[in-house]
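I have placed the structure first, in the form of structure tokens, so that the comments after it can refer back to it.
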Amino acid sequence: MGTLVTHHSGWQGYALANPEKAPLPIVDPDNAPISTAVGVTGMPGQTAYFGLFRVGKPQPGETVVVSAASGAVGATVGQLAKAHGCRVIGVAGGREKCAWCVDEAGFDACVDYRDPTFPAQLAAACPDGVDVYFENVGGAVLEAVAPLLKPTSRIPVCGYISAYNSPSDAVLEAPDAWLKRTVNAELETRFFLVHEWAGEFGEATKALGAMIREGTLKYRETVVEGLEKAPEAFLMLFTGANAGKLLVKVSDRENP
Ligand SMILES: NC(=O)c1ccc[n+]([C@@H]2O[C@H](COP(=O)([O-])OP(=O)(O)OC[C@H]3O[C@@H](n4cnc5c(N)ncnc54)[C@H](OP(=O)(O)O)[C@@H]3O)[C@@H](O)[C@H]2O)c1
């Protein structure tokens, strides 16, 4: 009784679950604040951790660029890469988000993709080119990163949110396929799904929780109160109205 778990049974008050068929990861409140179990110590954090280290394979001293840099996945990628000894450049929408990436999350630089001079600013921030590009958004950001890639670059394709709502087939080509077709067929790039590493999620959750407790992993959360607000909350992801992990709070722990 009273054990906290995460689940994929949907937004509802009660659910019948069979942990033998679908695991119910237990949330340890001593690891980090429980809200992070669906944020930076949960699936988004695991996505950052395994996507960066298993697909991006950064080496200390390399330049890592990450898009949607102030979001749940992107901010974690940047801080993990920084802790690994990399030079980290973020790409985010607007001055406030870019300032947070540099001032709070410790990125070396962050460039606003909405600025008309964005491609030139990104190139100036990456004078030695880009070794790892952690792709979250696709579209115009991908096009600006592409000329900065090296034959040895690694590009983990985590997502491409700029295309999710597109009615046009023309923008639906996945970034890894686009890069191989237009830049270099030999590039080391692949689309990954975090569940590839489901058996190792506990490792990432512990490592990320330890970083939060040490103060070396910063995160933000945008909490929208009430299940009835879920649709408008979801749409915030596509306008960038969220800062950090977007959460819909459906009840209090003490008063479920
Ligand atoms: N492969 C996997 O297993 C896996 C798992 C989890 C998440 N993901 C992907 O990871 C990415 C980040 O997810 P998240 O949960 O951390 O979301 P998030 O970054 O917290 O929120 C999405 C952000 O995307 C940016 N964005 C939206 N439309 C954009 C556009 N047209 N061009 C450029 N940026 C745009 C906005 O930030 P700005 O204000 O900075 O524009 C927005 O805040 C998503 O693509 C998601 O699908 C993949």
Conditions (1) in contact (Cβ under 8 Å) with a residue 60 or more places away in the chain; (2) near the ligand (Cβ under 9 Å from one of its atoms); (3) at positive phi; (4) not hydrophobic (A, V, I, L, M, F, W, C): number failed by G138 | (1)
Restricting region 150-191 to residues that are within 22 Å of the chain's Cα centre (by Cα) and among the polar types (S, T, N, Q), the one nearest to V132 (Cα to Cα) turns out to be S153
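Would it be correct to say that T63 is of a type in the set (S, T, Y) and either surrounded by fewer than 22 Cβ atoms within 10 Å (Cβ to Cβ) or closer than 22 Å to T36 by Cα (or both)?
On the way: of a type in the set (S, T, Y): yes; either surrounded by fewer than 22 Cβ atoms within 10 Å (Cβ to Cβ) or closer than 22 Å to T36 by Cα (or both): no.
No: the conditions fail for T63.
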Scope region 209-228; condition surrounded by 13 or more Cβ atoms within 10 Å (Cβ to Cβ) and not in a strand (DSSP E or B); matching residues = G209, A210, M211, I212, T216, L217, K218, Y219, R220, L227
Has region 92-103 got at least one residue that is within 23 Å of Y49 (Cβ to Cβ), in a helix (DSSP H, G or I) and in contact with a helix residue (DSSP H, G or I) (Cβ under 9 Å, 6 or more places away or on another chain)?
-> yes
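Given the structure, is V137 assigned to a helix (DSSP H, G or I), aliphatic (A, V, I, L, M) and either surrounded by fewer than 15 Cβ atoms within 10 Å (Cβ to Cβ) or under 17 Å from the mean Cα position of the chain (by Cα) (or both)?
No: the conditions fail for V137.
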Go through the residues of region 36-52 one by one and say whether even a single one is in a strand (DSSP E or B), within 16 Å of the ligand (Cβ to nearest atom), touching a Ser or Thr at 6+ places or on another chain (Cβ under 8 Å) and not acidic (D, E).
-> no
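Look at A204 and say whether it is modelled with pLDDT of 95 or more and within 16 Å of the chain's Cα centre (by Cα). Steps first, please.
Working: modelled with pLDDT of 95 or more: yes; within 16 Å of the chain's Cα centre (by Cα): yes.
Here the answer is yes, as A204 does meet what is asked.
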Taking the condition touching a strand residue (DSSP E or B) at 6+ places or on another chain (Cβ under 6 Å), modelled with pLDDT of 95 or more and over 21 Å from Q46 (Cβ atoms), does V224 pass?
-> yes
Within region 68-96, residues closer than 22 Å to L208 by Cα and surrounded by fewer than 24 Cβ atoms within 10 Å (Cβ to Cβ) come out as K82, A83, H84, G85, C86, R87
Among the listed residues A109, A105, which satisfies the condition of being aliphatic (A, V, I, L, M), farther than 16 Å from Y219 by Cβ and in contact (Cβ under 8 Å) with a residue 12 or more places away in the chain?
-> A109
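Output the residue which, of all residues in region 154-173 that are away from the ligand (no atom under 11 Å from the Cβ) and either charged (D, E, K, R) or under 15 Å from V137 (Cα atoms) (or both), is surrounded by the fewest Cβ atoms within 10 Å (Cβ to Cβ).
Of the residues in region 154-173, the ones away from the ligand (no atom under 11 Å from the Cβ) are 154-155, 167-170, 172-173.
So of that shortlist, the ones also either charged (D, E, K, R) or under 15 Å from V137 (Cα atoms) (or both) come out as 154-155, 169, 172-173.
Numbers: R154: 23, I155: 27, D169: 7, L172: 12, E173: 15.
Ranking the qualifying residues of region 154-173, first place goes to D169.
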Filter region 174-207 for residues that are surrounded by 15 or more Cβ atoms within 10 Å (Cβ to Cβ) and part of a loop (DSSP other than H, G, I, E, B); the one that is nearest to the ligand (Cβ to nearest atom) is F192
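The values are calculated or read from the model by the stated rules, or taken from the named source; none is laboratory data. Model, not experiment: these values are computed from the prediction. Cβ: placed from backbone, ideal geometry, glycine included. Neighbour counts: every protein chain shown.
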